[in-house]
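Have a look at the structure below, then the notes.
The values are calculated or read from the model by the stated rules, or taken from the named source; none is laboratory data. Worth saying up front: this structure is predicted, and the values here are computed from it rather than measured. So basically every Cβ, Gly included, is an ideal-geometry build from the backbone, and we count neighbours across all protein chains shown. Protein only, heavy atoms only, side chains kept; ligands, DNA and RNA dropped before computing areas. Shrake-Rupley method; radii C 1.70, N 1.55, O 1.52, S 1.80 Å.
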Amino acid sequence: MTNLNKIIISLALVTWVSNALAEDQQTWIDAGKAELEAAKQLQPNNGKAKNVILFIGDGMGVSTVTGSRIFEGQQRGVDGERNQLAFEQLPYLGLSKTYSANQQTPDSAPTMSAIVTGIKTNEGVIGLNQNVTRTETNQTVISANATQTILEKAEAHGLATGIISTARVTHATPAATYAHIPNRDWENDALLPAAATQSGVKDIAVQLLEQGKKAGGDGIEVVLGGGRKEFLPKTAADPEHKKKHGKRKDGRNLIEEYVAQHNAEYVWNQQQFDAINPKKTKRLLGLFQPSHMHYEHDRANDKAGEPSLAEMTSKAIDILSQNNKGYFLAVEAARIDHASHAGNAYRTFSETAALSDAVKTAMSKVDMSNTLIIVTADHSHSLTLAGYPKRGNPILGKVVAPEKTKPTLAEDNKPYTTVTFANGTGYHEHVVEPSDMRVGRVKDMSNVDTTDPDFHQEALVPLAYETHAAEDVAIFAGGPKAHLFHGVHEQSYIYYVMEDALGF
């Protein structure tokens, strides 16, 4: 973090302190009555949805939402605790139980499959029921156990469809909207086992090209994200990173095939993306990196440039809106998950703030009377907010108690942060003499800037990377049938609300 940013945040916190001191008993009375009156004005919309936009904050647990709310507010110089992310302003809320058919703590393949098909499945499996395991290679078995996705139903009903992800568009979450495959890792043909290839199993990238038409529609209209290498042959150099090549061994250039098959526009950098006129574009394929797109914090460092999640969402809506029957759009903020796996809360929170920006953009562009917007997560992470920090304490800072200026010390006489992870790479092992006892919380952070974007929070359990967590995640919703999110739901329930809203 630059010194200028630190000064801005410090000034913002000074401003916050003056505003906070103005709070009194009447503050909460007025706020409570205003919120109550707003709630009384809510009227369920039982109409049919013309459009559905499904936002997925990959790995965005409730603690991540809380931390991101405070982070986003503090970055803007407002009261972080009383701040609201855009999707927190949606009127209806429920909880989603994220376990998969065979795991208490799930991965993204079965969770997103449950959301978009209404059927829970096994770890690593995409678009198939739980009769299939990750090791299945027989295409006959795969076909017999395939589950139809909401995107495929939308295609069959003549709606426009789109997928956006800051990960590879063949990664588990976006792939679940269009693919049916036993193993989420089979993103290109070089990754298919020989038995699967011989049985006629098609890799995820090929399925993206074909699945929309196979479902009875005319194919996916908008595809934006990362993952060029999954679509290019090994002989093809990447247009941006010349030393990198495609991964396909079948020699196919799926980008060229998509463009030819759909008469589509193709872009791979910011300038090309900006030049696309959505009113004159029927189909758009944008692949902005060989693998995942940059974190929002690092996007400015990309020489070729790549659009933000909000920019991609805006352009996708404009293109899809040309279909008078409506559209289904899935938008994934994928790198919330990746940052948490790395134990890096700064990027976890800034990616969530970028999702908030994308939701805000969507809400400003659509008619909420005929558009159902859902914002949820596929699963949670082990990120926690703890200690007893005072109001306005930097969310990424060390714990400082109310009316104190110095950090609170743990039993080892060292400061600790509000944000930690239960496991991951932030574990610091140390041998305590003379007992030779090994302990994990030993790094003295007294002189460490824990608010730095590259700081990795401490972790209790040493692992190569931090894991997902099993608790429920939130479902935020607004628009037609949004009131049907009203309590604790099976994750698969989300599909049935979308299906009912669209009248399928």
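Have a look at 121, 161 and point out the one that is crowded, with 22+ Cβ neighbours inside 10 Å, in a loop (DSSP other than H, G, I, E, B) and either modelled with pLDDT under 95 or at negative phi (or both). Steps first, answer last, please.
Values: 161 fails: in a loop (DSSP other than H, G, I, E, B).
From the options 121, 161, the qualifying one is 121.
In the set 237, 196, which member is buried (at least 18 other Cβ atoms within 10 Å of the Cβ), small (Gly, Ala, Ser) and over 21 Å from residue 162 (Cα atoms)? Break it down stepwise before answering.
Values: 237 fails: buried (at least 18 other Cβ atoms within 10 Å of the Cβ).
Only one candidate qualifies: 196.
Within the bounds of segment 193-203, is there any residue that is touching a Lys or Arg at 6+ places or on another chain (Cβ under 8 Å) and not charged (D, E, K, R)? Break it down stepwise before answering.
Going residue by residue through segment 193-203, those that are touching a Lys or Arg at 6+ places or on another chain (Cβ under 8 Å) are none.
Within segment 193-203 (the criterion being touching a Lys or Arg at 6+ places or on another chain (Cβ under 8 Å) and not charged (D, E, K, R)), the answer is no, since none of the residues qualifies.
For residues that are touching a residue at least 60 places away in the same chain (Cβ under 8 Å) and in a loop (DSSP other than H, G, I, E, B), scanning just segment 304-320, find the one that is farthest from residue 246 (Cα to Cα).
Filtering first and then ranking leaves 307.
What single numbered condition from (1) surrounded by 17 or more Cβ atoms within 10 Å (Cβ to Cβ); (2) of a type in the set (D, E, K, R); (3) under 20 Å from residue 49 (Cβ atoms) fails to hold for residue 315?
Result: residue 315 passes all but (3).
Go through segment 65-76 and report how many residues are touching a Ser or Thr at 6+ places or on another chain (Cβ under 8 Å) and either open to solvent by less than 20 Å² (accessible area, probe 1.4 Å) or modelled with pLDDT under 95 (or both).
Final tally of qualifying residues: 4.
Give segment 350-398 a look and list any residue that's β-branched (Val, Ile, Thr), open to solvent by 10 Å² or more (accessible area, probe 1.4 Å) and over 30 Å from residue 427 (Cα atoms), or say none.
Across segment 350-398, the qualifying residues are 361, 366.
Could you count how many residues in segment 244-291 are hydrophobic (A, V, I, L, M, F, W, C) and under 24 Å from the mean Cα position of the chain (by Cα)? Break it down into steps so the answer makes sense when it comes.
Residues of segment 244-291 that are hydrophobic (A, V, I, L, M, F, W, C), as a first pass: 254-255, 259-260, 264, 267-268, 273, 275-276, 284-285, 287-288.
Filter once more, so that each one left must be under 24 Å from the mean Cα position of the chain (by Cα): 267-268, 273, 284-285, 287-288.
Residues in segment 244-291 being hydrophobic (A, V, I, L, M, F, W, C) and under 24 Å from the mean Cα position of the chain (by Cα): 7 in total.
For segment 351-399, which residues satisfy the criterion of being free of Cβ contacts under 8 Å to residues at least 12 places away in the same chain and either under 15 Å from the mean Cα position of the chain (by Cα) or assigned to a strand (DSSP E or B) (or both)?
none
Exactly one condition in (1) open to solvent by less than 50 Å² (accessible area, probe 1.4 Å); (2) in contact with a Lys or Arg (Cβ under 8 Å, 6 or more places away or on another chain); (3) on the phi > 0 side of the Ramachandran plot is false for residue 263; which is it?
(1)
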